[in-house]
1. If only one of 323, 301, 316 is in contact (Cβ under 8 Å) with a residue 60 or more places away in the chain and either of a type in the set (S, T, N, Q) or touching a Leu at 6+ places or on another chain (Cβ under 8 Å) (or both), which one is it?
2. Against the condition closer than 22 Å to residue 12 by Cβ and either in contact (Cβ under 8 Å) with a residue 24 or more places away in the chain or in contact with a helix residue (DSSP H, G or I) (Cβ under 6 Å, 6 or more places away or on another chain) (or both), how does residue 272 come out, does it pass?
3. Output the residue which, of all residues in segment 299-327 that are assigned to a helix (DSSP H, G or I) and among the acidic types (Asp, Glu), is farthest from the chain's Cα centre (by Cα).
4. Restricting the search to segment 16-64, which residues are touching a His at 6+ places or on another chain (Cβ under 6 Å) and not in a strand (DSSP E or B)?
5. Suppose we keep only residues that are among the aliphatic types (A, V, I, L, M) and farther than 15 Å from residue 315 by Cβ within segment 328-376. Which one would you say is surrounded by the most Cβ atoms within 10 Å (Cβ to Cβ)?
6. Answer with yes or no whether residue 379 is surrounded by fewer than 18 Cβ atoms within 10 Å (Cβ to Cβ) and charged (D, E, K, R).
7. Could you give every pair whose Cβ atoms fall below 7 Å, whose first residue belongs to segment 153-178 and is at positive phi, and whose second residue is surrounded by fewer than 20 Cβ atoms within 10 Å (Cβ to Cβ) and not small (Gly, Ala, Ser), counting only separations of at least 6 or pairs across chains?
8. Would you mind telling me which numbered condition in (1) within 22 Å of residue 39 (Cα to Cα); (2) surrounded by fewer than 16 Cβ atoms within 10 Å (Cβ to Cβ) residue 171 fails?
Amino acid sequence: MAGQPDPVLVSDPYLPGSGSTDFRVTHYDLEIDYRVGSNRLAGRAVLSATAAATLGRIALDLAGLSVRRVTVDGRSARFTHRAGKLRVIPAKPVRGGFVVEVRYGGNPHPVRGRWGDIGWDELTDGALVASQPVGAPSWFPCNDRVSDKAAYRIAVTAEAPYTVRATGVLTARRRSAGTRTWVFERPEPTATYLVGVQIGRYEELPLGPGQTAFVPPRLRRTATRDLGRHAAMMTTLTGFFGPYPFADHQVVVADDDLDVPIEAQGMSVFGANHVDGRRTHERLVLHELAHQWFGNSLTVADWSHIWLNEGFATYAEWLWSEASGGRSVAAHATQWHATIAPLRGAFVLADPGLDNLFDQRVYKRGALTLHALRLRVGDTAFFALVRDWAIRHRHGSVTTGQFTALAAEHAGADLTDLFTAWLHRPALPPLPR
């Protein structure tokens, strides 16, 4: 919005060592050759980027893999690679548009940190990518900054028995001796942590128009039951939030258990433990689908605004529950208000801190904030706001300030007291009556 800095050019206060503000990437062209049995990856990455100032060095994020060669604008470049940073010295300083090509490879493994192991991970028979928030450098060189969103072309070659799914729409599939190459394209601006690759022995399971699941054969029956209302979920959410922001939606069920589901651009990933034939985890299916609007199309400008992702996705769970004949939104709000009210410790929703990035209060208090806003302004203004928010900032980077300003615009009133209490003070306010 007018008067606010371009979020693309602002460093992330939570992860200042991740990514660079010297340039932005507009397109990634990734070619990955992966062997499941040996966990061996050979990669070629071509990054098209722009810099506002002259750069004599270009810093990319890449962890745990070896770099063989780097070129900038077709000319060999010197480089150093240590501690997760690939620092490139082009033969000639760059300004404006430039292209970096990196040849690299090795045995990919997750980035280890405060959130556990994140990034490219081996399955019992396959592989997956779960990159939130800093796992993307585990498998490709990138500018790993959440606000630096780019388009992608991803070509993955794997042994013939395996199915590959990746971020984007499948545009080509080629066979050669013992392998298959799958090509996906995602023209919509996409954050690095939302770029996914899933490899396994999967069968295709149609879910609805533009919606397809890929599941292990042994889980087909239970997945058919558990994902059976996916098309209805899509219809419900488009009714609340406006048009689905991508060309299709893929659901992948891995043949291993996962601690939590994974969202990627146009994709949701679940573990075998998330399907049981009884729809026990249906709220998670809805939650990950809702992230396609809030988190994926609308991506936070930096991680301090994470409540905009998780609060909306959690509130969408409550909306679906009521719309599908389950518990009402009001009942969910009352329950979760009582649950988190006794929790102690410094916590401010609009700036929860790195340690609280995935705290349940980000999710539940975020949803409660939206419910308090709805009770304050009424359903007509609230749902008009939500649709306008999703459509106006489609495929962009967003901040808390942008949301509160738009909310006041739709309410036609000053909402400073409400947002100060819910977003900027530690004490949990009472729900409005």
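The values are calculated or read from the model by the stated rules, or taken from the named source; none is laboratory data. Because the structure is predicted, anything quoted here is derived from the model rather than measured. Here Cβ is always computed from backbone atoms with ideal geometry, including for glycine, and neighbour counts include all displayed protein chains.
1. Working: 323 fails: either of a type in the set (S, T, N, Q) or touching a Leu at 6+ places or on another chain (Cβ under 8 Å) (or both); 301 fails: either of a type in the set (S, T, N, Q) or touching a Leu at 6+ places or on another chain (Cβ under 8 Å) (or both).
Exactly one of 323, 301, 316 is in contact (Cβ under 8 Å) with a residue 60 or more places away in the chain and either of a type in the set (S, T, N, Q) or touching a Leu at 6+ places or on another chain (Cβ under 8 Å) (or both), namely 316.
2. On the way: closer than 22 Å to residue 12 by Cβ: no; either in contact (Cβ under 8 Å) with a residue 24 or more places away in the chain or in contact with a helix residue (DSSP H, G or I) (Cβ under 6 Å, 6 or more places away or on another chain) (or both): yes.
Spelling it out, it is not the case that residue 272 is closer than 22 Å to residue 12 by Cβ and either in contact (Cβ under 8 Å) with a residue 24 or more places away in the chain or in contact with a helix residue (DSSP H, G or I) (Cβ under 6 Å, 6 or more places away or on another chain) (or both).
3. Kept after step one, since they are assigned to a helix (DSSP H, G or I), are these residues of segment 299-327: 303-305, 307-323.
From what's left, among the acidic types (Asp, Glu): 310, 317, 322.
Numbers: 310: 11, 317: 18, 322: 26 Å.
So, considering only residues that are assigned to a helix (DSSP H, G or I) and among the acidic types (Asp, Glu), the one farthest from the chain's Cα centre (by Cα) is 322.
4. Going through segment 16-64, the residues touching a His at 6+ places or on another chain (Cβ under 6 Å) turn out to be 48, 64.
Result: 64, single match.
5. Filtering segment 328-376 down to residues among the aliphatic types (A, V, I, L, M) leaves 329-331, 333, 338, 340-341, 343, 346, 348-350, 354, 357, 362, 367-368, 370, 372-373, 375.
Then keep just the ones that are farther than 15 Å from residue 315 by Cβ; that gives 338, 341, 343, 346, 348, 350, 354, 357.
On the way: 338: 10, 341: 11, 343: 13, 346: 9, 348: 15, 350: 21, 354: 13, 357: 18.
The qualifying residue surrounded by the most Cβ atoms within 10 Å (Cβ to Cβ) is 350.
6. On the way: surrounded by fewer than 18 Cβ atoms within 10 Å (Cβ to Cβ): yes; charged (D, E, K, R): yes.
Yes.
7. Every condition considered, the pairs that remain are 168/185; 178/159.
8. Every condition holds for residue 171 apart from (1).
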